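Participant: Right, I'll just put the structure down here and ask away after.
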Amino acid sequence: MLKKYKWRYYDIRLVILVILASVMGIYAIGSANESYQGRQIMGVGIGVVLMLIISVIDYTKILKLYWLIYAVMAVLLFVTLYTDIGDSSNNAQRWIQIGSFTFQPSEISKLLLILFLAQFIMKYRSDLNKPWMLLIIAVLFAVPAYLILKQPDLSTAIVIATILCTLLFVGGISWKYVVAAFAIVIPVGAIFIFLAIQPDSTLLASHQQERILAYLYPEEYPDTAWQQLYSVKAIASGQLDGKGYKNNEVTSLKNGSYILEPHTDFIFAVIGEEFGFKGSVAVIAVLFSIVLECLYAAYKAKDMAGRLVAAGVAAWIGFQSFFNIGVATLLLPNTGLPLPFISYGLTSLLSLYMGIGFVLNVKLQQRKKREGIAS
């Protein structure tokens, strides 16, 4: 799978940005919950090694195994739900535990789905706008989506849905389908949410229903909305420069344990409180720059599969960052998604590093000037 490359195309900027984001995360986790900092450092070290190894392996060879990739994804998700090695926590069945080793298949499934769809869409691109092909893609997507929803993990299902939409758009789906999708999804989604928040509704799990209601009416659901409300207060209290790293101020909401899971879902609240507006903007700028680098790799890709891989990783990082920060700032209902490269979570971190490894290889094999995208 190794081949001769023009090393001047190796995207050092992307490597630096990813490591910079990870360092920001290590510092933030050290303040949020120092007991997890050592494991995060170990995860970053392993992630960098995986990224560098994958970056020099020809992605086109790996994508030829796209049906195997799909099978592995489906089996992992199935095993999580329906076997004894599936591990549950907080009323969710999202982990596989083998001895002392635990990982979350839904996180790696984001990358596996990107790799599978990239090759599948490229191979059948000429038929992409035919209704029967869209139906096949919908069925193939429905399998992992259903298994993830059953965990239950609605937030991850939303992320992979955004990834699917991005890949279809980049793959060349007709605008008539895009317009039709918006015309259907927006009113249907509004009706679904309206029905889902009714008192006797069973469309969503009770905790999912409460999160939406707490977002819409936080003053009426303080027991559910308090995480986000304190998160907003923590970010606002940091003002321009923040209260300082690992500060001892009695007014710190983090120090007072008012922020639940500060090292994972609400890591941005810790950053806002301790590093202020400047630190928050720095984190957003680094993540945005990573997304832009991935999109540039997609633009320079030598074939459609490479373009789809890079665009898919960009969508993954971009949308998940938006969802996480949106939750921390009360712009969105609580979803429970980690902030890419920043939040603690080894499966998520390693999956992201592997995704960046594929993007680096796509960029490394970029097309020559005036050369089109092969299909």
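Participant: Give 103, 116 a once-over and let me know the one that is crowded, with 18+ Cβ neighbours inside 10 Å, of a type in the set (Phe, Trp, Tyr) and modelled with pLDDT of 95 or more. Before you say what the answer is, go through the steps one by one.
Facilitator: On the way: 103 fails: modelled with pLDDT of 95 or more.
One residue alone meets the criteria, 116.
Participant: Output the residues belonging to region 124-139 that are in contact (Cβ under 8 Å) with a residue 24 or more places away in the chain and open to solvent by 30 Å² or more (accessible area, probe 1.4 Å). First the steps, then the outcome.
Facilitator: The first filter runs over region 124-139 and keeps only residues in contact (Cβ under 8 Å) with a residue 24 or more places away in the chain, leaving 125-126, 128-129, 134, 137.
Result: 125, 126, 129, 134.
Participant: Filtering region 187-221 down to residues that are polar (S, T, N, Q) and under 22 Å from residue 328 (Cα atoms), which residue is most open to solvent (accessible area, probe 1.4 Å)?
Facilitator: Initial filter on region 187-221 (polar (S, T, N, Q)): 198, 201-202, 206, 208-209.
Those still in the list that are under 22 Å from residue 328 (Cα atoms) too: 206, 208-209.
Working: 206: 80, 208: 30, 209: 27 Å².
Across region 187-221, the extreme among qualifying residues is 206.
Participant: Would a scan of region 49-56 turn up a residue that is over 16 Å from residue 350 (Cβ atoms) and surrounded by fewer than 18 Cβ atoms within 10 Å (Cβ to Cβ)?
Facilitator: So the first thing to find is which residues in region 49-56 are over 16 Å from residue 350 (Cβ atoms), and the list is 56.
Keeping just the survivors that are surrounded by fewer than 18 Cβ atoms within 10 Å (Cβ to Cβ) gives 56.
So far as region 49-56 goes, yes, one or more of its residues are over 16 Å from residue 350 (Cβ atoms) and surrounded by fewer than 18 Cβ atoms within 10 Å (Cβ to Cβ).
Participant: Here are the criteria: (1) part of a helix (DSSP H, G or I); (2) open to solvent by less than 40 Å² (accessible area, probe 1.4 Å). Tell me which single one residue 338 does not satisfy.
Facilitator: The single condition residue 338 does not satisfy is (1).
Participant: Of 264, 251, which residue is open to solvent by less than 30 Å² (accessible area, probe 1.4 Å), among the β-branched types (Val, Ile, Thr) and part of a loop (DSSP other than H, G, I, E, B)?
Facilitator: On the way: 251 fails: open to solvent by less than 30 Å² (accessible area, probe 1.4 Å).
The conditions single out 264.
Participant: Collect the residues in region 142-165 that are assigned to a helix (DSSP H, G or I), under 27 Å from residue 291 (Cα atoms) and open to solvent by less than 30 Å² (accessible area, probe 1.4 Å), keeping them in residue-number order. Give the steps one after another, and end with the answer.
Facilitator: Step one: filter region 142-165 for residues assigned to a helix (DSSP H, G or I), giving 142-149, 154-165.
From what's left, under 27 Å from residue 291 (Cα atoms): 142, 144-145, 148-149, 154-165.
Within region 142-165, 144, 145, 148, 155, 156, 157, 159, 160, 162, 163, 164 qualify.
Participant: For region 273-297, name all the residues that are at pLDDT below 95 and open to solvent by less than 10 Å² (accessible area, probe 1.4 Å).
Facilitator: Of everything in region 273-297, those that are at pLDDT below 95 and open to solvent by less than 10 Å² (accessible area, probe 1.4 Å) turn out to be 273, 274, 276.
Participant: Checking the condition of a type in the set (Val, Ile, Thr), closer than 27 Å to residue 101 by Cβ and touching a helix residue (DSSP H, G or I) at 6+ places or on another chain (Cβ under 8 Å), which residue from 313, 286 passes? Walk me through it before giving the result.
Facilitator: On the way: 286 fails: closer than 27 Å to residue 101 by Cβ.
Every option except 313 fails the conditions.
Participant: Considering only region 166-214, state which residues are in contact (Cβ under 8 Å) with a residue 60 or more places away in the chain and within 16 Å of residue 135 (Cα to Cα).
Facilitator: Scanning region 166-214 gives 167, 171.
The values are calculated or read from the model by the stated rules, or taken from the named source; none is laboratory data. For clarity, every value in this text was computed on a predicted model and none was experimentally measured. In this analysis, Cβ positions are derived from the backbone assuming ideal geometry, glycine residues included, and neighbour counts consider all displayed protein chains. Ligands, DNA and RNA are stripped out before the accessible areas are found, and what is left, the full protein with its side chains, is counted by its heavy atoms. Shrake-Rupley method; radii C 1.70, N 1.55, O 1.52, S 1.80 Å.
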